[in-house]
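Scroll down for the structure; my scribbles are underneath it.
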C-alpha cells in the first residue's frame, strides 16, 4: 500500500529547501503563513514527514491558527540522497538550521522531534545555544534520548559486530542488501511490531503507514546512521533547554528508546513537562496521536504561542 493512500487529505504547501552542501530537502507547510508561531516537526530514522500525519491533524484541529512545518531528512522520503558520510546527527542539525533560515527566518519557533528527530533538535540546540530562548521558544522530545543509545533496550544491538558487517555489506552491494532488508522486515515483523507499538493493538491503517515508510527508506540511509547513534551524546544540551518550556514524552513500552532515557532527560531539564504514555511503544506518535497532540498543545501554550485552542468539551454553567 502506498503512503499517499494511507494519509488523510490535508491542505499543504510544498517547497524545496537546499542545504549548504546542496542537498534538496522536501518541505511541507500547513496552516496560515502569518501565524504567530511556527511548529517544526522532525521525524525519526527510516521514517519521513508523514509519520506526523495523525499528530499534525489532531494539533491543527485544536490549534487551527498554528503554522506547522514538516520535512524529510536527507536520504529519507522525498528528500534527495547524499553521501553516506553526511548521514550523521551533526549534519542533520545543520540541515535544520538551513530549513529554519528559509521557512521561518523570523518569529518564534517550537521544535518537536521524534526519535532521531529529537536527537536532531538536541544537536541543533548544542550547535546554536544562543537561539534557545530567543528564536527557539519551546522544544518537544518524543521517544528519544540524549545519550547512551547502545546501553539499553534494542539499542544494545548497536554494539554487536554484526552491525559493522552489515554497514560494510551495504556499501559494497546496496541493491542486494535492499532486497535482503525487505525480506528481513517481513520475517521480523512480530518483533518490529512489539518494539514500535508496545502492548496495544493498532489499526491496520497505522501499520500500513509505518511499514510503507520503513520499506521505502534506502538501505544506505538506514545503515549509515547507525554509526552516528553509537557515538551520540548531547547530554550537555539538556541544560540549555532549561531556558524554554520543554516536553519529554515516551511510551512506557518503548523498547527502542526505553523510558529510562526520558526520565534522565526530564530530570536534567528545568521547566519540563514529563509525559509517560501508558502502554505505548516507540511509534507513540502513530499509536496515540491525540495524547501526543494534547501534550504539544500544552507546550505551545507554555511557549506563549498565542493561538487559542478550540474547546474539546463543554463546561456546564449553573
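Select the helices (runs of 4 or more DSSP H) contained entirely in the stretch 184-263, then report the ones holding at least 1 residues which are modelled with pLDDT of 85 or more, under 27 Å from residue 124 (Cα atoms) and in contact with a helix residue (DSSP H, G or I) (Cβ under 7 Å, 6 or more places away or on another chain).
The helices (runs of 4 or more DSSP H) meeting that bar are 219-231, 237-241.
So which residues in the stretch 78-89 are in contact with a helix residue (DSSP H, G or I) (Cβ under 6 Å, 6 or more places away or on another chain) and part of a helix (DSSP H, G or I), if there are any at all?
Keep residues of the stretch 78-89 that are in contact with a helix residue (DSSP H, G or I) (Cβ under 6 Å, 6 or more places away or on another chain), which gives 84, 87-89.
Within the stretch 78-89, 84, 89 qualify.
Return yes when residue 75 is outside any loop (DSSP other than H, G, I, E, B) and in contact with a helix residue (DSSP H, G or I) (Cβ under 6 Å, 6 or more places away or on another chain) and no when it is not.
Numbers: outside any loop (DSSP other than H, G, I, E, B): no; in contact with a helix residue (DSSP H, G or I) (Cβ under 6 Å, 6 or more places away or on another chain): yes.
In short, no.
Taking the criterion of being surrounded by 24 or more Cβ atoms within 10 Å (Cβ to Cβ), assigned to a helix (DSSP H, G or I) and free of Cβ contacts under 8 Å to residues at least 40 places away in the same chain, would at least one residue in the stretch 96-115 satisfy it? So that I can check it myself, show each step before the final result.
Just the residues of the stretch 96-115 that are surrounded by 24 or more Cβ atoms within 10 Å (Cβ to Cβ), to begin with: 96, 110-115.
Okay, now just the ones that are also assigned to a helix (DSSP H, G or I), so 96.
When the remaining residues are screened for being free of Cβ contacts under 8 Å to residues at least 40 places away in the same chain, the result is none.
No.
Quickly run through the stretch 57-73 and pick out the residues that are within 14 Å of the chain's Cα centre (by Cα) and touching a residue at least 60 places away in the same chain (Cβ under 8 Å).
none
Please specify each residue of the stretch 139-150 satisfying the condition of being touching a strand residue (DSSP E or B) at 6+ places or on another chain (Cβ under 7 Å) and closer than 13 Å to residue 240 by Cβ. Spell out the reasoning first.
First, pick out the residues of the stretch 139-150 that are touching a strand residue (DSSP E or B) at 6+ places or on another chain (Cβ under 7 Å): 139-144, 147.
Across the stretch 139-150, the qualifying residues are 139, 141.
Residue 310: part of a helix (DSSP H, G or I) and either buried (at least 20 other Cβ atoms within 10 Å of the Cβ) or modelled with pLDDT under 95 (or both), yes or no?
Numbers: part of a helix (DSSP H, G or I): no; either buried (at least 20 other Cβ atoms within 10 Å of the Cβ) or modelled with pLDDT under 95 (or both): yes.
So residue 310 does not fit the description; no.
Mind checking which residues of the stretch 60-72 are touching a strand residue (DSSP E or B) at 6+ places or on another chain (Cβ under 7 Å) and not in a loop (DSSP other than H, G, I, E, B)? Explain how you work it out, then say what you get.
Going through the stretch 60-72, the residues touching a strand residue (DSSP E or B) at 6+ places or on another chain (Cβ under 7 Å) turn out to be 60, 66-72.
Within the stretch 60-72, 60, 67, 68, 69, 70, 71 meet the criteria.
Considering only the stretch 19-49, state which residues are surrounded by fewer than 19 Cβ atoms within 10 Å (Cβ to Cβ), over 23 Å from residue 64 (Cβ atoms) and out of contact with any strand residue (DSSP E or B) (no Cβ under 6 Å at 6 or more places or on another chain).
20, 21, 22 - these are the residues of the stretch 19-49 that are surrounded by fewer than 19 Cβ atoms within 10 Å (Cβ to Cβ), over 23 Å from residue 64 (Cβ atoms) and out of contact with any strand residue (DSSP E or B) (no Cβ under 6 Å at 6 or more places or on another chain).
The values are calculated or read from the model by the stated rules, or taken from the named source; none is laboratory data. What you see is a predicted model; the values in this text were computed from it and never measured. Glycine also receives a Cβ, built like all others from the backbone with ideal geometry; neighbour counts cover every protein chain displayed.
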